[in-house]
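Okay, so here's the structure we're looking at.
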Amino acid sequence: MDREKEKESENKSALIMHGGVSQPPSINPDLFRKTAARKKKKYSVEGYVEGIVSGNTTILSQAITLIESSLPQHYEEAQLIIEKCLPYGSKSLRIGITGVPGAGKSTFIETFGLFLAGEGRKLAVLAIDPSSSHTRGSILGDKTRMEQLSVHPNAYIRPSPSAGTLGGVARKTRETIILCEAAGFDTILVETVGVGQSETAVHSIVDIFLLLMLAGAGDELQGIKRGIMEMADIIAITKADGANKIIAEGAKGLYENALHLFPPGPSGWKPKVLTCSALKNTGISELWAVMSDYYIFTGKSGFFEEFRKQQAVIRMHDTISEYLSNNFYNDREIKSLRPELEKKLYEGNITSYKAAKILIDKFCHGRGC
């Protein structure tokens, strides 16, 4: 009896053990489903073209990534996409923008881009970021610097690495322009690194060349390369606000006097100098009005179309150089021979000319070149 009472007392104890809350698995079961969903879908050439022409910016971005790829297997596919997009190209206005460090290129482009988008223009910004000469990496931070423009429905921003190309123009910018035009963008802005190198590359792919300058940083004309000044169709003195406004007006006069010393360009257009402030949004509409005047002027004279034809010829020669270079450095025999010759060069056992000649002869052997 006592034993039964003891068991009954234990059952009525306030200390009751529960099974507890079941713990979730250590790995989120949705992780793999989300990862699979994030994987980029692989399209056929026709799929890429249809997506681009329909204005799908996601597919446009994937196609641009494809043409920027240095992998040999992507080259042919990329060229087919470009070729099929050519007939859909719009009569866009291509504007190259370069400038001295500190001129505020990104701030200017955002303000200028928002103005154009507000005017109903469809805008594509191809922002070229400098690449490391050692790692070939690039920050690609233009979308963070252009917060308002990056979310505007009429704008598309594509940051691309310069990949060491002279003048800070990405190797595939020309092809990217074709894809953007096929996607319906009627205004293309190409922002260069602006590190003081030759800007011939950007000049050969745009219709208008805009040079941004900064006043009040010392002698405004000191260190400005004549070649860049001669290529400029329009010069804009930025940050013309507050106390700096008077200084900017003074710099404007200096540049106007300097431009009078240059011979007329092939377009017959006399370069204009303006002041503007991206921060205060002043001088932006005036700048666009001058660009429109340039477009009308060169259209009537026939220079606009003639210059586009010249650019097509330049693009052909550049494509030949790129094709030969890719084939040369991706050749199996060249890849195996290069390390040996480079070692001899480091040790001083061979001249650079001799090493290059050996590689070229090896590449040309059996090809009849």
Ordering of 202-214, 286-298 by burial proxy (mean other Cβ atoms within 10 Å per residue, highest first): 202-214, 286-298
Tell me which residues come under 5 Å, amide H to amide H, from residue 275 once H is placed; ignore anything under 5 positions away on its chain. 237
Residue span residue 292 to residue 361: 0.36 nm per residue of separation minus Cα-Cα distance leaves a gain in nm of 19.6 nm
Quick one: check the C-alpha center-to-center distance for the stretch 288-315 versus the stretch 333-369, whole angstrom. 44 Å
I need the peptides 261-269, 233-241 ranked by packing, meaning the mean over residues of other C-beta atoms within 10 angstrom, with the highest value on top. 233-241, 261-269
Beyond 25 Å (Cα-Cα) in this structure, taken from 122/172; 41/335; 105/172, we find 41/335
Taking R0 as 30 Å, what's the FRET efficiency between residue 327 and residue 200 from their Cβ-Cβ distance, rounded to 0.05? 0.75
Working out 0.36 nm times the residue gap between residue 261 and residue 50, then minus their Cα-Cα distance, what length gain in nm do you get to one decimal? 70.9 nm
Environment charge at residue 283 (Cβ cut-off 14 Å; Lys +1, Arg +1, Asp -1, Glu -1): +2
How far apart, in nanometres, would the label points at residue 349 and residue 230 be if each is projected 7 angstrom from Cα along the Cα-to-Cβ direction? 4.7 nm
Environment charge at residue 339 (Cβ cut-off 15 Å; Lys +1, Arg +1, Asp -1, Glu -1): +1
Packing-wise, with mean Cβ within 10 Å as the measure, how do 317-325, 175-183, 300-308 rank, highest first? 175-183, 300-308, 317-325
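Read the figures in this text as sums done on the coordinates, not as results from a lab. What you see is a predicted model; the values in this text were computed from it and never measured. All Cβ positions, even for glycine, are placed from backbone atoms using ideal geometry, and neighbour counts span all protein chains on display.
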